[in-house]
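Visitor: My structure is below; once you've seen it, I'll send some questions.
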Amino acid sequence: MGDAKVFKTRLLSRDAVARVVKSEMVVEGSELSVQFKSQVSEVKVVPAGESASVVHMTVEYERVDGALLPPEEEARIGQGYLGLIKKVEEYLVAHPHRVRLKLPAIMHRLLRRSGQRNPC
């Protein structure tokens with residue numbers, strides 16, 4: 001996974017009450033299919049006081065060869081997802097009226113948009 005590569009994501013689930021969005025990177029037919037069988041991410045937004053939230057993100061992957069990624073590669077991918085979360089935060093700060101009612105939908109839309117530009 002290099003800089004500014006294109007990839008697609010597929011929404012697996014969205015829970016507005018729990019504020020959780022789960023999506024899967026579509027690797028079939030892409031250059032990522034050489035390395036990954038699958039990559040699933042889950043984003044959960046937890047209220048942390050007035051006008052504050054904490055984002056928990058989990059990424060699970062399965063490589064074609066069954067091996068684990070080297071730590072430096074995992075760190076690079078983690079930094080890419082951190083960049084994605086920062087983009088979501090920038091959007092929410094710029095559009096505060098959308099935060100309260102539409103957070104899961106906003107997260108999904110931004111994940112989809114960002115899913116077309118690889119942040120890793």
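The values are calculated or read from the model by the stated rules, or taken from the named source; none is laboratory data. Since the model is a prediction, treat every value here as computed from it, not as a measurement. Cβ atoms come from the backbone with ideal geometry, glycine included; neighbour counts cover every protein chain shown.
Visitor: Only residues in segment 34-46 that are touching a residue at least 40 places away in the same chain (Cβ under 8 Å) count as the first member; pair them with residues that are in a strand (DSSP E or B) and not hydroxyl-bearing (S, T, Y), Cβ under 6 angstrom, at least 6 apart or cross-chain, and list the lot.
Guide: Correct list of pairs: S41/V59; V43/V21; V43/M57; V45/V55.
Visitor: Please verify whether V46 is surrounded by 12 or more Cβ atoms within 10 Å (Cβ to Cβ), in a strand (DSSP E or B), β-branched (V, I, T) and modelled with pLDDT of 65 or more, treating the condition exactly as stated.
Guide: It is true that V46 is surrounded by 12 or more Cβ atoms within 10 Å (Cβ to Cβ), in a strand (DSSP E or B), β-branched (V, I, T) and modelled with pLDDT of 65 or more.
Visitor: May I pose another question? Return the total of residues in segment 1-29 being out of contact with any Ser or Thr (no Cβ under 9 Å at 6 or more places or on another chain), loosely packed, with under 15 Cβ neighbours inside 10 Å and either modelled with pLDDT under 70 or not acidic (D, E) (or both).
Guide: 7
Visitor: Still on this structure, please answer the following. Answer yes or no: is there a residue in segment 60-79 that is among the polar types (S, T, N, Q), modelled with pLDDT of 70 or more and outside any strand (DSSP E or B).
Guide: Yes, that holds for at least one residue.
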